[in-house]
Amino acid sequence: MRQSIVHPGAENLKYEIREIVEIAKRFNDLGVPIVWENIGDPVGKGEQVPDWIREHLIAAMHEDNVYGYSPTKGLLSTREYIAYERNIEGGIQITPGDILFFNGLGDAISKLYRNLHKDARIIGPNPAYPTHSSAEAAHADSAHITYSLDPQNGWKPDLNEMEEKIVQDPNIVGILIVNPDNPTGFVYDIPTMERIVTLAQKYDLFIISDEIYSNLVYGEVSYKKLAGVIGDVPGIGMRGISKEFPWPGARCGWIEFYNRDKDPLFNQYTQAIIDSKMLEVCSTTLPQRTIPTVMKDERYFPYLKDRCSAYKEKALIAKKIFSEVPELIVEIPDGAFYMTAVFRDGSLTTSQTLAIENDAVRGEVEKLTLYDMALDKRFVYYLLGATGICVVPMTTGFNATCNGFRFTLLEPDVEKFTEIMGTIRDAVVGYLKS
Ligand SMILES: Cc1ncc(COP(=O)(O)O)c(C=O)c1O
């Protein structure tokens, strides 16, 4: 090429959750059957979409307009429904014009950061959901700026650190929260949310709240969406159906703008996001059409409640199993369907191993771990080679400073889930002892 053709931030685009799949597939081809614990796709993991939801989809497919483009912002009737539901919850009031649909929240995330001024930064959690942290880092061509979620303190955010960083770096224009959080399952309680809103107000920032798991909350904490606490502060709420229905293949999510009228620069930014969506015409029509009919169905919330109970049951099982290992810190999540196990400082070394029966796979693992690498990633490769269980390392997968791994609560068969957790526990114990 006559000159460089790669965007300077491109090396920041990392998604270990999928990258590890390539390695797992190689091990599978070499004879190790894989247990997929890496990705948050309930359907991929065997959860059944109920027949009554499928019937709503089939009914929608009989309508001619679902085969056409929709308005850029999304179907008006759906946005009217979402605005109505939002407003009756109390808090900030919005109109259908404040809602913008995307082809999944992944699409929304990439447009949010792409439309920011290149010097403007968003501070986000550590550990981080990599689509946010990568897209933010790529937009700024610089490492993502983070505040810590503390594994020693139930994953509560360090708001003092958040404030210090905001004070030190005037380029920080916004705060990102993922609530409920991925990968930790942490839920920001209302007082914490209020403190974040106060910080945003004090330093003239806006807030982004990724709420894709907002209908999958099952802990004891008081939960409110950002809209319920935001007051006068500009903000963006992000929601979608990938996890709720669940229908990740629909590629359908939306964002809600709050207090656009309160700040001209924020208003300009939101317009840029809308304009960039307009260049693509619109987002997927059929899933949008099904949102009001599915969510208004009286079976919807009981269905979500059942799913939440099942996640909670599995979280308790995992907690009990991993609590037998003193080197691990494991918190019961309050929402979403992930859980993390964090290795206490000093428990991992570069010489630990696990016995791998399959010669070819052992050779691969030894090759992969030959050079310096994150200690949790090293464990994850050994676990994969020895047991076929595919989890995601915290450091490289979630931009985390603590070593650990994330697994899911999605396995529908509780007995099988218990067995998988037991196998991981035994592998951790064997690895640490080796
Ligand atoms: C916190 C969070 N936000 C956004 C997404 C992306 O969702 P979508 O399938 O709508 O692109 C995910 C997917 O795992 C997620 O965990």
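The values are calculated or read from the model by the stated rules, or taken from the named source; none is laboratory data. Values in this document were obtained by computation on a predicted structure and should not be read as measured data. Reconstructed Cβ throughout: ideal geometry from the backbone, glycine too, with neighbour counts over all protein chains shown.
Scanning the stretch 348-386 for residues that are in a helix (DSSP H, G or I), more than 22 Å from the chain's Cα centre (by Cα) and of a type in the set (Asp, Glu) yields Asp359, Glu364, Glu366.
A residue that is more than 17 Å from the chain's Cα centre (by Cα) and within 13 Å of the ligand (Cβ to nearest atom) occurs nowhere in the stretch 123-141.
Just one of the numbered conditions (1) crowded, with 23+ Cβ neighbours inside 10 Å; (2) more than 21 Å from the chain's Cα centre (by Cα); (3) not aromatic (Phe, Trp, Tyr) is not true of Leu226: (2).
Apart from one condition, Met61 fits all of (1) loosely packed, with under 14 Cβ neighbours inside 10 Å; (2) under 21 Å from Asp181 (Cβ atoms); the exception is (2).
Pairs are defined by a Cβ separation below 6 Å, a sequence spacing of at least 6 or placement on different chains, a first member in the stretch 354-372 that is under 14 Å from Ile389 (Cα atoms), and a second member that is surrounded by 13 or more Cβ atoms within 10 Å (Cβ to Cβ) and of a type in the set (Lys, Arg); the pairs so defined are Ile356/Arg362.
Contact map, the stretch 164-192: residues that are without any contact (Cβ under 8 Å) to a residue 40 or more places away in the chain paired with residues that are more than 15 Å from the ligand (Cβ to nearest atom), Cβ distance under 6 Å, separation 6+ or inter-chain. Pairs shown: Asp189/Val221; Asp189/Ser222; Ile190/Ser222; Ile190/Lys224.
Scanning the stretch 59-103 for residues that are away from the ligand (no atom under 16 Å from the Cβ) and of a type in the set (Phe, Trp, Tyr) gives Tyr67, Tyr69, Tyr81, Tyr84. Remark: pairs (first residue in the stretch 70-84, in a loop (DSSP other than H, G, I, E, B); second residue modelled with pLDDT of 95 or more and small (Gly, Ala, Ser); Cβ separation under 8 Å; 6+ apart in sequence or on different chains) = Ser70/Ser283; Lys73/Gly97; Gly74/Ser283. Residues in the stretch 104-122 that are in a loop (DSSP other than H, G, I, E, B) and either among the acidic types (Asp, Glu) or within 16 Å of the chain's Cα centre (by Cα) (or both) were compared, and the one that is nearest to the ligand (Cβ to nearest atom) is Gly104. If we scan the stretch 373-383, do we find a residue that is at pLDDT 95 or above, under 17 Å from Val32 (Cβ atoms) and aliphatic (A, V, I, L, M)? Yes, the stretch 373-383 contains at least one residue that is at pLDDT 95 or above, under 17 Å from Val32 (Cβ atoms) and aliphatic (A, V, I, L, M). Scan the stretch 84-103 for residues that are of a type in the set (A, V, I, L, M) and either under 23 Å from Cys282 (Cα atoms) or under 20 Å from the mean Cα position of the chain (by Cα) (or both) and the total you get is 3.
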